[in-house]
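Here the structure comes first, spelled out in structure tokens, and everything after it is commentary.
The values are calculated or read from the model by the stated rules, or taken from the named source; none is laboratory data. Just so it is clear, the model here is predicted, and its values are computed rather than measured. Quick reminder, even Gly has a Cβ in these numbers, built from the backbone with ideal geometry, and neighbours come from all protein chains shown.
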Amino acid sequence: MQIHVKQPIDYDDGVGNVRAHPWERNEHGHQYYDFKRHPELIAQVLEDFRPWAAHDGIQVFYELLRWLNGPDSLLESNDCAFRGPTKNSQPQYRKEMGCKGRLMLFFRQLDLNLSQKSVLWLVNELYAALKSAPASPFCSAEISVVETHFTDLLERTENERRGWEIVITSWAWGESEHETMETLKTFFEALSTTLKLVSGKVPAKRGDKSIGL
């Protein structure tokens, strides 16, 4: 699996230059849902994923989100997107079909996301863990960051609420819809393993100097 890491500067992949957490309903009618409080909504409100829910890979992703936003995780998600299998437009992968997804996440302790040092630590840990996680050779991922306004940090000024969140963009390829989605399943399994490993390294509270956050 190939992982490409970008530095946290000028990242924009159609998600906008500055995001917000939590965010309001957008021009496409999508809105933010707090899966920490309402994990039961995961399979209901993710419109991009519902048409493909019969595939095991999507169920693996749903379970990943439940864990990521659950009590055992020190991270959480903010947004995700998916474009199901279509004709492959990337000739370096000699498969007929390809799909693309996106997951955005950050430290659950929100003030950690205001530190570029902390966010770069998270990028590097995700990169190292995901690069070594077993998955199909016909899936790929890119780790980037996007500037984010953390509106819930009410004790800080508007300017002090600016930080970053992680964007993990993924691709999977196959000769058919089924094969493509099976490839994607191996990526989501690798991502789940990665997130659990990295979350376990995050300090439970700021001030723990073991990783310099």
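For the condition of a type in the set (Ser, Thr, Tyr) and touching a Lys or Arg at 6+ places or on another chain (Cβ under 8 Å), SER132 does not qualify.
If you go through segment 155-202 one residue at a time, how many are outside any helix (DSSP H, G or I) and either modelled with pLDDT under 90 or not small (Gly, Ala, Ser) (or both)?
Within segment 155-202, residues that are outside any helix (DSSP H, G or I) and either modelled with pLDDT under 90 or not small (Gly, Ala, Ser) (or both) number 16.
For VAL45, are the conditions met, namely being of a type outside the set (Phe, Trp, Tyr) and farther than 27 Å from VAL123 by Cβ? Yes: the conditions hold for VAL45.
LYS131 passes every criterion in (1) crowded, with 22+ Cβ neighbours inside 10 Å; (2) part of a helix (DSSP H, G or I) apart from (1).
Restricted to segment 51-86, and to residues that are charged (D, E, K, R) and assigned to a strand (DSSP E or B), which residue is modelled with the lowest pLDDT? Among them, the one singled out is ASP79. When SER89 is tested against (1) more than 15 Å from SER176 (Cβ to Cβ); (2) at pLDDT 95 or above; (3) not in a helix (DSSP H, G or I), only condition (2) is not met. Residues of segment 5-50 that are modelled with pLDDT of 85 or more, out of contact with any Leu (no Cβ under 9 Å at 6 or more places or on another chain) and among the aliphatic types (A, V, I, L, M): ALA20, LEU41, ALA43, VAL45. Scanning segment 139-169 for residues that are in contact with a Lys or Arg (Cβ under 6 Å, 6 or more places away or on another chain) and farther than 15 Å from LEU75 by Cβ yields SER144, VAL146, HIS149, LEU153, THR169. Determine which single condition LYS205 fails, assuming it passes every other condition in (1) within 27 Å of LYS87 (Cα to Cα); (2) among the charged types (D, E, K, R); (3) modelled with pLDDT under 95. With (1) within 27 Å of LYS87 (Cα to Cα); (2) among the charged types (D, E, K, R); (3) modelled with pLDDT under 95 applied to LYS205, the lone miss is (1). Selection of first residues in segment 116-142 that are at positive phi and modelled with pLDDT of 90 or more and of second residues that are part of a helix (DSSP H, G or I) and not aromatic (Phe, Trp, Tyr), restricted to Cβ pairs under 8 Å at least 6 apart or on distinct chains, gives an empty result. Applying the criterion of being polar (S, T, N, Q) and in contact with a strand residue (DSSP E or B) (Cβ under 7 Å, 6 or more places away or on another chain) to the residues of segment 137-161, the residue that is surrounded by the fewest Cβ atoms within 10 Å (Cβ to Cβ) is THR151. A search for C-beta distances below 9 Å between a residue of segment 159-185 that is under 14 Å from VAL18 (Cβ atoms) and without any contact (Cβ under 8 Å) to a residue 60 or more places away in the chain and any residue that is among the β-branched types (Val, Ile, Thr) and outside any strand (DSSP E or B), counting only pairs 6+ apart in sequence or on different chains, returns ARG161/THR151; GLY163/VAL119.
Quick check on my filter: what residues within segment 30-41 are touching a Lys or Arg at 6+ places or on another chain (Cβ under 6 Å) and either closer than 18 Å to MET181 by Cβ or part of a loop (DSSP other than H, G, I, E, B) (or both)? Selection gives GLN31 alone.
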